[in-house]
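For reference, the structure discussed in these notes is given below.
Rule-based calculations on the coordinates, nothing more; no lab input. Remember, it's a predicted structure, so these values are computed and weren't measured experimentally. Positions of Cβ are generated from backbone atoms using ideal geometry, with glycine treated the same way; all protein chains shown enter the neighbour counts.
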Amino acid sequence: EVRLLESGGGLVPPGGSLRLSCAASGFTFSSYTMTWVRQAPGKGLEWVSAISDSGSNTFYADSVKGRFTISRDNSKSTLYLQMNSLRADDTAIYYCAKDGDSVGAVDYWGQGTLVTVSS
Amino acid sequence: DIQMTQSPSSLSASVGDRVTITCRASQGISSWLAWYQQKPDKAPKSLINGASRLQSGVPSRFSGSGSATDFTLTISSLQPEDSATYYCQQYNSYPITFGQGTRLEIK
């Protein structure tokens with residue numbers, strides 16, 4: 001059974017930093033592209049970032065480029081999102097997601113972790 | 001960036017009805033289109049990829065069609081548990097983009 005367990009969310013002041021983690025199990029982590037998607041309160045889904053299976057290729061939404069860094073540790077089956085210079089509009093539930101055989105199409109989602117940026 | 005536009009934004013239908021949701025891409029995306037279902041306070045669930053391929057375990061009353069710029073998600077016989085918000089997503093190119101969502105309510 002595929003499981004994705006996010007952690008690291010919480011309350012952070014504007015300008016602060018936070019690192020999200022996603023522990024994966026139930027599949028060969030090193031074989032799949034992984035993705036972060038967020039959802040602001042009462043809003044729709046927003047794609048944030050993705051990283052290739054080896055970690056050699058990364059992609060970002062314009063809204064987070066230069067502030068967020070995606071990474072992975074295949075030896076630990078763990079995905080990360082380092083978030084710096086956080087703003088109020090980064091407040092959202094952040095979902096870790098596994099891409100399927102078609103890169104870009106998610107087949108499994110984590111339960112999400114809430115990030116609140118507020119003073 | 002590729003813009004994804006869903007219609008309608010919301011709809012209400014009765015159990016047993018046939019329901020169709022439309023998704024339009026601002027440029028051609030071949031069949032690189034996925035659909036997701038999200039119930040209140042829950043993580044999204046993957047329904048369809050490749051415009052028409054059902055994910056494992058998804059009921060056969062769900063189907064997808066289309067290519068290039070115009071796509072549809074159809075529920076052939078609406079069930080009470082289908083009350084949710086549905087999102088389309090293009091993965092033809094980065095940045096990946098979602099539609100704004102369609103809220104489906106059961107009358």
Using unit Cβ charges (K, R positive; D, E negative) and no other charged atoms, how large, in debye to the nearest 20, is the dipole of chain A about its Cα centre?
320
Here chain B gives, from Cα atoms, an Rg and Dmax in Å of 12.8, 38
Listed residue pairs exceeding 21 Å between alpha carbons, taken from A:76/B:45; A:76/A:98; B:45/B:107
A:76/B:45; B:45/B:107
Can you find, among A:47, A:23, A:91, the residue sitting farthest towards the positive end of the charge dipole of region A:18-107, where Lys and Arg contribute +1 and Asp and Glu -1 at Cβ?
A:91
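Which value, in debye to the nearest 20, gives the size of the charge dipole of the protein assembly as shown about its Cα centre, when Lys and Arg are +1 and Asp and Glu are -1 at the Cβ?
Working: 19 positive and 18 negative charges, 37 e Å.
Dipole magnitude for the protein assembly as shown comes out near 180 debye.
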Where only alpha carbons of region A:61-118 are counted, the Rg and the Dmax (Å)
12.8, 38
Any idea what the dipole of region A:40-99 comes to, in debye rounded to 20, about its Cα centre with Lys/Arg Cβ at +1 and Asp/Glu Cβ at -1?
100
